[in-house]
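Dumping the structure here so I can ask a few things about it.
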Amino acid sequence: MDQIIRQAIHAKNLLMEKVFIHQLDFPDKLTYSHFRVLMRLADCGPAALNEIGICTKITKTNLSPVIAYLEKMKYITVLRDKSDMRIRIARITAEGKKLCNKKKAELDAHIEDRLKSLQPEELKSFTSGCQKIIRAFALQKQGEE
């Protein structure tokens, strides 16, 4: 089951990176990895860098330059945790949130446009699959509460 879940996550990342993200025009030479970090911070709030790496599946070696560039471009700020100075916490800035919201809206419009091109049976199958995924996450969340 874990293998199937990893394949589903990989398929989602490929779908985003190869099909949708290349349609978006990112400023400042941002990449999909930059966008994933921004989305994570916009959706979930401030986080330790190691947590961001785990959540986005970006290795520590690759995450460091992504974080440094986002910080340089003023899309995020990175501070030391007050209780443990070894831990670095990233927080999205207003500028980063503005960019993230704009690109999410563009991505939503692009996805909507693509979904309109599906045949009714394809759309029904796609919707059914999405509903199953949503139910699985809802059940997991209920179990955590």
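All of the numbers you see were taken from the coordinates with simple rules; none came from a lab. What you are looking at is a predicted structure, and each value in this text was computed from that prediction instead of being measured. Note: ideal-geometry Cβ built from the backbone for every residue, glycine included; neighbour counts use all protein chains shown.
Tell me the label-point distance for the pair ALA11, LEU123, using the 7 Å Cα-to-Cβ offset, in nm and rounded to one decimal.
Modelled inter-label distance: 2.1 nm.
Can you give the net charge of the other residues whose Cβ lies under 15 Å from the Cβ of PRO65, counting K and R as +1 and D and E as -1?
In short, +3.
My understanding is that a pair violates if its Cα-Cα distance is over 18 Å; which of LYS12/LYS98; LYS60/LYS97; LYS72/LYS104; LYS12/LYS74; LYS72/LYS97 do that in this structure?
LYS12/LYS98; LYS60/LYS97; LYS72/LYS104; LYS12/LYS74
Turning to a different aspect of this structure: Label ARG114 and ARG88 with points 7 Å out from Cα along Cα→Cβ: what is the distance between them in nm?
In this crude label model, ARG114 to ARG88 measures out at 3.2 nm.
According to the square roots a ≥ b ≥ c of the eigenvalues of the Cα gyration tensor, what is the shape class of the stretch 2-103, taking rounded for a/c under 1.5, prolate for a/b larger than b/c otherwise, and oblate for the remainder?
Oblate, because a/c is 1.5 or more while a/b does not exceed b/c.
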